[in-house]
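The values are calculated or read from the model by the stated rules, or taken from the named source; none is laboratory data. Bear in mind the structure is a predicted one, so any value in this text is a computation, not a measurement. Neighbour counts are summed over all protein chains in view; Cβ atoms, including those assigned to glycine, are modelled from backbone coordinates with ideal geometry.
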Amino acid sequence: MLNSIWIELHQEMPRHPKTLALAQALKVSRREAVGILVDLWTWGLSCADEDGSLKAIGDEGIALALDWPIKKAGRLVEAFVRCGWLDRLDDGTYRLHDWPDYTSKLSEKRKDAERKRKARKHGQSREKTEKHEPRPHAIRKMSVDSPRTIRRMSIKCPEQKGVTRTRGSPNQYQYLTKTSLV
């Protein structure tokens, strides 16, 4: 799963008294209530603050996000509040109930991603100001596998003491002597 974000869902949630109360309040099946709650929470992953606050999103915004009829937005949100799934704050906004308890790992992941983003940004600006040392053009001639250190011999060459045999091209073998590696 590429860049997936997940939330905790406890096994008792589908039959929890709060879920059953929500189904009764909205006059939907228990399964529909579960789906509405999962929809609320997955939407909250991208819209809610770290503490679960839904900022300035009101009843109609919540209903719109959950594909609930706008005319019944007040009833939907009131059911969430009465059943304990949403908290109504003093300023009239809403917060997902106990949101940090269920998304603490997400919050840590987001903070870590922000820290890494800042570090990359800082690192990029530092790289632009630093001058890099030029690399030699003839790197191949400086490596162990250069023709100066490897002698190609036919397969009929007798084994010699201190010689390591390695596979080269299909019809040839490469022999490295201990002195050629020094």
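Listed values, structure above:
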{"quantity": "The listed residue being of a type outside the set (Lys, Arg), in a helix (DSSP H, G or I) and touching a Pro at 6+ places or on another chain (Cβ under 9 Å), out of VAL34, VAL81", "calculated": "VAL34"}
{"quantity": "Residue in the range 41-62 that is among the polar types (S, T, N, Q) and either part of a helix (DSSP H, G or I) or free of Cβ contacts under 8 Å to residues at least 40 places away in the same chain (or both) present", "calculated": "yes"}
{"quantity": "Given (1) aromatic (Phe, Trp, Tyr); (2) modelled with pLDDT under 95; (3) more than 27 Å from the chain's Cα centre (by Cα), number of the condition TRP6 does not satisfy", "calculated": "(3)"}
{"quantity": "Qualifying residues in the range 49-90 (those that are small (Gly, Ala, Ser), closer than 21 Å to THR103 by Cα and in contact with a helix residue (DSSP H, G or I) (Cβ under 6 Å, 6 or more places away or on another chain)) - the one surrounded by the fewest Cβ atoms within 10 Å (Cβ to Cβ)", "calculated": "GLY84"}
